[in-house]
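What follows is a single structure, written as structure tokens, with notes after it.
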Amino acid sequence: MNSHDFHELTHYVMDSPAHPPASLFAGGFDDWRSRARLAHFLAMPELKKKDEAVELFRSVVEVEIDEENPEQVEEKVYALQRLSSCLREDKKYEDALRYINLAIELIESTDYMYKYILRGEVWADRWNILHDMRDIETAESEIDEKIQAYGNLPVKHISYLYYGYRFKAQLMATGMMKDEALDYMRKALSYMDIPEQYKKGLEVAFSAKHDNIAWILNTIDHACPPPEKIHWDI
């Protein structure tokens, strides 16, 4: 890809229903943040430009950033995370794992409280890829390490533990173990900041009488507040 291709793709995205402002890409092809932002839009399924998105995301991987700048760290982590998810969608699990590992390495190199990225969610992406690769044992071992490390902290809203227990709930669901899945999901939610207006919907979701546990967990997810829009301590 060159600057001409980049220019054409920015106009393709700006003319799409997403209609982002041109200022997002003002740095041009030579600016890694502009390339990453464009890639996020191109990766949207409705734009049908995943190959171009992956190429742009890959161009960001080796970029050196100012790790004293939390916005730069977060933007690169987000790019690596989305690159990994694009590759996972194409069942390129080894590549997907490599890039989510780089995202984890970067996000854990600082103690910033990020605006949008959740540490637990990035780890959950790794655990889901490991699941796809049939390495559930490693995923569960890492989750148990997180539980041991963070389970007794004097703070309540811990994204590692929310996503860890949620993963365990989903594993139980695949085995049709309804009670165990719901127990793990209750434990997951004990680490999430849940505003009062969501609690009734969650109560209804948990009280479902049927045994389609995958459907119940999906209903619980939809009854929860968006994780990126609520308070987390870690």
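The values are calculated or read from the model by the stated rules, or taken from the named source; none is laboratory data. Every value quoted in this text rests on a predicted model; they were computed, and no experiment measured them. Counting neighbours? That spans all protein chains shown, and the Cβs are built from the backbone with ideal geometry, glycine included. Remember, those area values only see protein heavy atoms, side chains included, never the ligands or the DNA or RNA. Shrake-Rupley method; radii C 1.70, N 1.55, O 1.52, S 1.80 Å.
Quick rundown of the values:
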quantity	calculated
Options Val54, Val77, Val61; residue that is modelled with pLDDT of 95 or more, under 23 Å from Asp95 (Cα atoms) and outside any helix (DSSP H, G or I)	Val61
Tyr112 being in contact with a Pro (Cβ under 6 Å, 6 or more places away or on another chain), open to solvent by 40 Å² or more (accessible area, probe 1.4 Å) and modelled with pLDDT under 95	yes
Residue match in the range 217-231 (condition: out of contact with any Phe, Trp or Tyr (no Cβ under 6 Å at 6 or more places or on another chain), polar (S, T, N, Q), open to solvent by 60 Å² or more (accessible area, probe 1.4 Å) and outside any loop (DSSP other than H, G, I, E, B))	yes
Some residue of the range 157-175 being over 29 Å from Glu108 (Cβ atoms) and surrounded by fewer than 22 Cβ atoms within 10 Å (Cβ to Cβ)	yes
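Listed here are the residues, each with its yes/no results for (1) surrounded by 20 or more Cβ atoms within 10 Å (Cβ to Cβ); (2) not acidic (Asp, Glu).
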| residue | (1), (2) |
| --- | --- |
| Glu64 | no, no |
| Gln72 | no, yes |
| Val77 | yes, yes |
| Cys86 | yes, yes |
| Asp90 | no, no |
